[in-house]
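The values are calculated or read from the model by the stated rules, or taken from the named source; none is laboratory data. In this text, all values refer to a predicted model and were calculated from it rather than measured experimentally. Cβ placement follows ideal geometry from the backbone for every residue including glycine, while neighbour counts extend to all protein chains displayed.
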Ligand SMILES: [Zn+2]
């Protein structure tokens, strides 16, 4: 196994997705230096947790957390480029698995019945070949033992790409696009952990929460995203 890995590495050297240094045969996706120096978010409670404060403007949720800041100036930004555009969803699973214990210690994931990844538009999933939120959800599941449930939420219409949109445009672009699947299990009085790749304005997560609460008024909701976009102020 190691022989073939070494052989393949000579033929086709692999590079760290963060710093681009050549990987040795024991390293995968990220070099050990980058893994060791990963800059995780360390909010401790609601007073210093902008994620919670943004969502609380419109919805009541029990907890929320993210692992990395999503901003182009940060070299760890490359993690998200690899996950979203370079066909490396396994990096999302790995980084969620490695970083979620911090949030677990603070109560995120406590007494959760299901992890629910935010569904991707069918055409986008077909083009990309995967939904990165599902891979991140699998990393959280591996860390917590909570099952992933893909049979609850669905996307009933596609929104256009969010990438180039400003805050208010993103919000308008993300209204009534999610619904609860027919015949899905009863979530009243259950606790779910909604998982997405990146939190920007919160519009996507808020529309998922709206759809869930319409059907299940007493569902308790927690939120986790791997990335959190630094806010303007
Ligand atoms: Zn590196």
How many residues are touching a strand residue (DSSP E or B) at 6+ places or on another chain (Cβ under 9 Å) and in contact (Cβ under 8 Å) with a residue 60 or more places away in the chain when one looks only at the range 61-81? 13
Considering only residues that are farther than 14 Å from residue 152 by Cα and part of a strand (DSSP E or B), which ones fall in the range 190-206? 196, 197, 198, 199
Give the range 15-37 a look and list any residue that's buried (at least 16 other Cβ atoms within 10 Å of the Cβ) and either in the same structural domain as residue 67 (by TED's automatic domain parsing) or near the ligand (Cβ under 10 Å from one of its atoms) (or both), or say none. 16, 17, 18, 23, 27, 29, 30, 31, 34, 35
Identify the residue in the range 181-200 that is within 21 Å of residue 62 (Cβ to Cβ) and surrounded by fewer than 20 Cβ atoms within 10 Å (Cβ to Cβ) and, among all such residues, is modelled with the lowest pLDDT. 184
